[in-house]
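Since the structure comes first, as structure tokens, the remarks are kept for the end.
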């Protein structure tokens, strides 16, 4: 199966270079690597020019595309999908590092499960320590669905496995590393109403597939990667917080209708309680 790698990026030149190096040493070579650039300068274009010969030597086509529209990871992903020629579309965040056999292990799942529509690898640096604090946090999340839970060998909506011993079915796929069959895009697109960072665009896209085609999404422990999650500056974090609130409501409403709106407000109750507990802890600790 031919694999098209699609990487939306906004700055992150150093991260992208490290990802390029990972792709060049894959045991299963992709057909092409498509970089869709939202960066307002030419740094990413210059980086692609620098790596063009290396990819040519590995018989991999490197394609650079500038997003001509408003900055949006969702729009960038759709642009990449429109340009892709492979049977499988591998979407990667630019701050991801792949183990050398990542693509090979993804292909194994598609071969073993011919009905599969999407597969994600396992992000090895998200494992949660099972101490008392995380146990209490897990109970709180069960009640309010405020943050992701980290059970073993389970990947339902708002879950990510703390440990994974086998290939299992998923209700959603992470946008940091996910692979879809080309035909998925005959029925689904990333929602372009989600601008900028496009918070939860991966949840909306993949869970919509799950809602229509049950039991066709998977996660494999054998395709390993690291998600570095590059830091954002302080000013961006405030903008992101407001955007996340807005987009969380939009995504939940689109997926679940009125039930989604109720879930959104219930989550906010939980977040408010967490904030008050944090303030109380600060007062007790500092006396202020």
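The values are calculated or read from the model by the stated rules, or taken from the named source; none is laboratory data. Not measured: the values here are computed from a predicted model. Ideal geometry is used to build each Cβ from the backbone, glycine not excepted, and the neighbour counts take in all protein chains shown.
Say whether the condition of being buried (at least 16 other Cβ atoms within 10 Å of the Cβ), assigned to a helix (DSSP H, G or I) and touching a strand residue (DSSP E or B) at 6+ places or on another chain (Cβ under 9 Å) is met by at least one residue in region 224-246. Steps first, answer last, please.
Quick first cut of region 224-246, residues buried (at least 16 other Cβ atoms within 10 Å of the Cβ) only: 224-228, 243.
Retained after the next criterion (residues that are assigned to a helix (DSSP H, G or I)): 243.
With touching a strand residue (DSSP E or B) at 6+ places or on another chain (Cβ under 9 Å) added as a condition, the list becomes 243.
The answer is yes, given that some residue of region 224-246 is buried (at least 16 other Cβ atoms within 10 Å of the Cβ), assigned to a helix (DSSP H, G or I) and touching a strand residue (DSSP E or B) at 6+ places or on another chain (Cβ under 9 Å).
Could you look through region 78-97, keep only residues that are in a helix (DSSP H, G or I) and in contact with a strand residue (DSSP E or B) (Cβ under 8 Å, 6 or more places away or on another chain), and pick out the one that is farthest from residue 175 (Cα to Cα)? If you could, list the steps in order and put the result at the bottom.
Within region 78-97, the first condition is being in a helix (DSSP H, G or I), and the residues that meet it are 78-83.
Now narrow it down to the ones that are in contact with a strand residue (DSSP E or B) (Cβ under 8 Å, 6 or more places away or on another chain): 79-81, 83.
Values: 79: 15, 80: 14, 81: 14, 83: 18 Å.
Taking the candidates together, the pick is 83.
Return yes or no: is residue 80 closer than 19 Å to residue 207 by Cβ, surrounded by 20 or more Cβ atoms within 10 Å (Cβ to Cβ) and at pLDDT 85 or above? Before you say what the answer is, go through the steps one by one.
On the way: closer than 19 Å to residue 207 by Cβ: no; surrounded by 20 or more Cβ atoms within 10 Å (Cβ to Cβ): yes; at pLDDT 85 or above: yes.
Criteria not met by residue 80.
Which residue, of 204, 274, is within 26 Å of residue 125 (Cα to Cα), in a helix (DSSP H, G or I) and touching a helix residue (DSSP H, G or I) at 6+ places or on another chain (Cβ under 6 Å)? Before you say what the answer is, go through the steps one by one.
Numbers: 274 fails: touching a helix residue (DSSP H, G or I) at 6+ places or on another chain (Cβ under 6 Å).
Within the list 204, 274, the selection yields 204.
On the given criteria, is residue 101 out of contact with any helix residue (DSSP H, G or I) (no Cβ under 7 Å at 6 or more places or on another chain) and surrounded by fewer than 20 Cβ atoms within 10 Å (Cβ to Cβ)? So that I can check it myself, show each step before the final result.
Numbers: out of contact with any helix residue (DSSP H, G or I) (no Cβ under 7 Å at 6 or more places or on another chain): yes; surrounded by fewer than 20 Cβ atoms within 10 Å (Cβ to Cβ): yes.
It is true that residue 101 is out of contact with any helix residue (DSSP H, G or I) (no Cβ under 7 Å at 6 or more places or on another chain) and surrounded by fewer than 20 Cβ atoms within 10 Å (Cβ to Cβ).
Tally time: how many residues in region 247-264 are surrounded by 12 or more Cβ atoms within 10 Å (Cβ to Cβ) and either in contact (Cβ under 8 Å) with a residue 40 or more places away in the chain or more than 22 Å from residue 73 (Cβ to Cβ) (or both)? So that I can check it myself, show each step before the final result.
Quick first cut of region 247-264, residues surrounded by 12 or more Cβ atoms within 10 Å (Cβ to Cβ) only: 247-256, 260-264.
Within this subset, residues satisfying the condition of being either in contact (Cβ under 8 Å) with a residue 40 or more places away in the chain or more than 22 Å from residue 73 (Cβ to Cβ) (or both) are 247-248, 250-251, 254-256, 261-263.
Total meeting the criteria: 10.
Considering region 22-67 alone, what residues qualify as being in a helix (DSSP H, G or I), within 25 Å of the chain's Cα centre (by Cα) and without any contact (Cβ under 8 Å) to a residue 60 or more places away in the chain?
As a first pass, look at region 22-67 and keep what is in a helix (DSSP H, G or I): 22-24, 43-57.
Filter once more, keeping what is within 25 Å of the chain's Cα centre (by Cα): 22-24, 43-45, 47-48, 51, 55.
Across region 22-67, the qualifying residues are 24, 43, 44, 45, 47, 48, 51, 55.
Restricting attention to region 151-179, and to residues there that are part of a strand (DSSP E or B) and over 26 Å from residue 246 (Cβ atoms), which single residue is farthest from the chain's Cα centre (by Cα)? Give the derivation first.
Residues of region 151-179 part of a strand (DSSP E or B): 152, 159, 163, 168-169, 177-179.
Those still in the list that are over 26 Å from residue 246 (Cβ atoms) too: 152, 163, 168-169, 179.
Values: 152: 20, 163: 18, 168: 18, 169: 17, 179: 11 Å.
For region 151-179, the residue satisfying everything is 152.
Looking at (1) closer than 26 Å to residue 15 by Cα; (2) surrounded by 18 or more Cβ atoms within 10 Å (Cβ to Cβ); (3) at pLDDT 95 or above; (4) in contact with a strand residue (DSSP E or B) (Cβ under 7 Å, 6 or more places away or on another chain), which is the only condition residue 198 fails?
With (1) closer than 26 Å to residue 15 by Cα; (2) surrounded by 18 or more Cβ atoms within 10 Å (Cβ to Cβ); (3) at pLDDT 95 or above; (4) in contact with a strand residue (DSSP E or B) (Cβ under 7 Å, 6 or more places away or on another chain) applied to residue 198, the lone miss is (3).
Is one or more of the residues making up region 156-163 touching a strand residue (DSSP E or B) at 6+ places or on another chain (Cβ under 9 Å) and closer than 20 Å to residue 23 by Cβ? Even if it seems obvious, please write down each step before you answer.
Quick first cut of region 156-163, residues touching a strand residue (DSSP E or B) at 6+ places or on another chain (Cβ under 9 Å) only: 156, 158-163.
Then keep just the ones that are closer than 20 Å to residue 23 by Cβ; that gives none.
No, region 156-163 contains no residue that is touching a strand residue (DSSP E or B) at 6+ places or on another chain (Cβ under 9 Å) and closer than 20 Å to residue 23 by Cβ.
In region 145-170, which residues are without any contact (Cβ under 8 Å) to a residue 24 or more places away in the chain and under 17 Å from residue 211 (Cβ atoms)?
First pass over region 145-170, keeping only residues without any contact (Cβ under 8 Å) to a residue 24 or more places away in the chain: 147-149, 151-154, 156, 158-159.
Once the filter is applied, which keeps residues that are without any contact (Cβ under 8 Å) to a residue 24 or more places away in the chain and under 17 Å from residue 211 (Cβ atoms), region 145-170 yields 156, 158, 159.
How do the pairs read when you match residues in region 171-189 that are under 14 Å from residue 148 (Cβ atoms) with residues anywhere that are in a loop (DSSP other than H, G, I, E, B), using Cβ under 6 Å and keeping only pairs 6 or more apart or on different chains?
From region 171-189, the pairs are 171/156; 171/157; 172/157; 176/93.
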